[in-house]
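First comes the structure, then the notes that go with it.
The values are calculated or read from the model by the stated rules, or taken from the named source; none is laboratory data. Note that this is a predicted model, so its numbers are computed, not measured. Cβ placement follows ideal geometry from the backbone for every residue including glycine, while neighbour counts extend to all protein chains displayed. SASA here: full protein model, heavy atoms, side chains in, ligands and nucleic acids out. Shrake-Rupley method; radii C 1.70, N 1.55, O 1.52, S 1.80 Å.
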Amino acid sequence: MPLGTAAVINLDAAANTVPTEEVIDAVVAAMRSGAANPASAHELGERSRAVLTRARDGVLSLLEGVLDDGVTFTSGCTEANNTVFAGISATTIITSTVEHPSVLRSAERAASRGTTILQVPVDLAGLVDLDQLGAIVASVQGPLLVSIQFANSETGVIQPIARIAALLATRPLTTFHSDAAQAFGKLPIDLSPGIGPDVITVSGHKLHAPMGVGAIVAAERGVPLAPLLVGGEQEGSMRAGTEAVPLIAGLGAACEARADTMDSCVRRMFQLRNRLEVGLRDALPDVVLLEGPTDRLPNISSVRFPGVDGMSLIAQLDSRGVAASQGSACSSRRPEPSHVLMAMGMSETEAFETVRFSISALNTDTEINQATSIIADSVHHLRSVSWATA
């Protein structure tokens, strides 16, 4: 049963959201309009350029402190992260231990080319240790790239971005990057000096846009970024290759829609997530919810079910029409414990017992109620099977 049908309750929105009708309409309209290569000088090319301009304005509508021409479209956040790591000249790169695989692998590639890579640990709540970050920053010399995610895709934990920006603001030759794939469209994001990152990377399919489109967004002060892809002057010579105009149109439409409904969407996701967590705690008193003294995204809930294998639970839920996951879709099919949860101090067993539920504004109260019942019943079933075979 494909996601997006009425038969499936999608609680894996952190991996992918269903495109909305306005997004689908924008994609179809761009394909039917006769628009051509945006680099073409004729009228059809102008139509495509107009689509790109509107889409950039859509992205900008969800941000503050950004250049009017600071949006570079990519195929998604993974390409965008790779571009930042390959395109910013730095002798040292600092990341956290809980970054997305596209950041961690990009750092590893930079290390193979001679760049010094340093990692900042997180505490038990998943927050970057600011004291250690400050000490590391003070200990290095030369051009520096600091890459700290805006919010975690597995736990929803929001990093203290403004405090990090303030810490880095007075250090010369420093670029602050943040993977904002999960935060974009769910949190206010300001890239003004001393308040936010110099550059963020975003992905469309976390926000009801099509898969295969994202962006690099540079702050008002600009970022010295070299292109990853060369061979053309598209995207201000920042990303060679003909733009995927229909997908970009869809991203722009998704951003426009979210900008108009941001407060209500965030409030709705927060209410649905709380309904799920309260329901699970009532039905399964021993569940362990990732809570604590830190802010979380309004749509992500990380839940540990003691004595239950998370992958087995996900399979049970899938067979009963509920989609969930154990973490980033870029690594969740690998039989390894979550590096994020392990970095937060969980044991391997605890990490394997943890499942991520992520909600979109399209979910309903009825879906959450049904999913809660199915999750509780599946946990009881798996425990009974485990006890029977023990």
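Solvent exposure of H205, expressed as accessible area, is near 40 Å², computed with a probe of 1.4 Å over the protein chains only.
When you work out D = kT/(6 pi eta Rh) for segment 70-193 at 4 °C and 1.567 mPa s, using the Kirkwood radius from C-alpha pairs as Rh and the Stokes-Einstein form, the result is 88 µm²/s.
For the chain, complete DSSP H runs whose alpha carbons reach 30 Å or more along their own long axis and whose mean Kyte-Doolittle score is 0.0 or higher are 245-283.
Applying a DSSP loop filter and a limit of 16 other Cβ atoms within 10 Å to the GluC sites (Glu not before Pro) in segment 205-236 leaves E220, E233. Computed over protein heavy atoms with a 1.4 Å probe, the carbon and sulfur contribution to the accessible area of the chain reaches 54%. Dipole size of segment 19-178 about its Cα centre, with +1 on Lys/Arg Cβ and -1 on Asp/Glu Cβ: approximately 460 debye, rounded to the nearest 20.
If you sort V8, V230, V278, V18 by accessible surface, 1.4 Å probe, largest first, the order is V230, V278, V18, V8.
Each of P227, C265, V66 was scored by the projection of its Cα onto the charge dipole of the chain, and the greatest displacement toward the positive side belongs to P227; charges sit on the C-beta of Lys, Arg, Asp and Glu. Considering only A249, A55, A226, the Gaussian network model of the chain with Cα springs below 10 Å gives its largest mean-square fluctuation to A226. Quick note on segment 1-115: its Rg to Rh ratio, both from C-alpha atoms and Rh being the Kirkwood radius, is 1.06. Here is the tail figure for the chain: Cα pairs spaced more than 28 Å apart come to 47 percent of all pairs. Taking trypsin sites (Lys or Arg not before Pro) across segment 167-266, the ones in a DSSP loop with at most 15 further Cβ atoms lying within 10 angstrom of their Cβ are R221. Note on the chain: GNM, Cα springs under 10 Å; of L173, L60, L11, the largest mean-square fluctuation is that of L173.
Sparsely packed loop sites in segment 54-140 (the trypsin sites (Lys or Arg not before Pro) outside DSSP H, G, I, E and B with at most 10 other Cβ atoms within 10 Å) comprise R113. The charge dipole of segment 193-300, taken about its Cα centre with unit charges on the Cβ of Lys, Arg, Asp and Glu (plus for the first two, minus for the last two), comes to roughly 240 debye. Solvent-accessible surface of the chain, averaged per residue with a 1.4 angstrom probe and all protein chains in place: 42 square angstrom.
At the residue level, T20 shows approximately 30 square angstrom of accessible surface with a 1.4 angstrom probe and all protein chains present. Identify the residues of segment 358-377 with backbone N under 15 Å of a label point that sits 7 angstrom from the Cα of E21 along the Cα-to-Cβ direction, or state none. Of the residues in segment 358-377, 362 have backbone N under 15 Å from the label point off E21.
Radius of gyration over Kirkwood radius for segment 164-281, both on Cα atoms: the Rg/Rh ratio is 1.04.
Computed about the Cα centre, the dipole magnitude for the chain is approximately 340 debye when only Lys and Arg (+1) and Asp and Glu (-1) carry charge, each at its Cβ.
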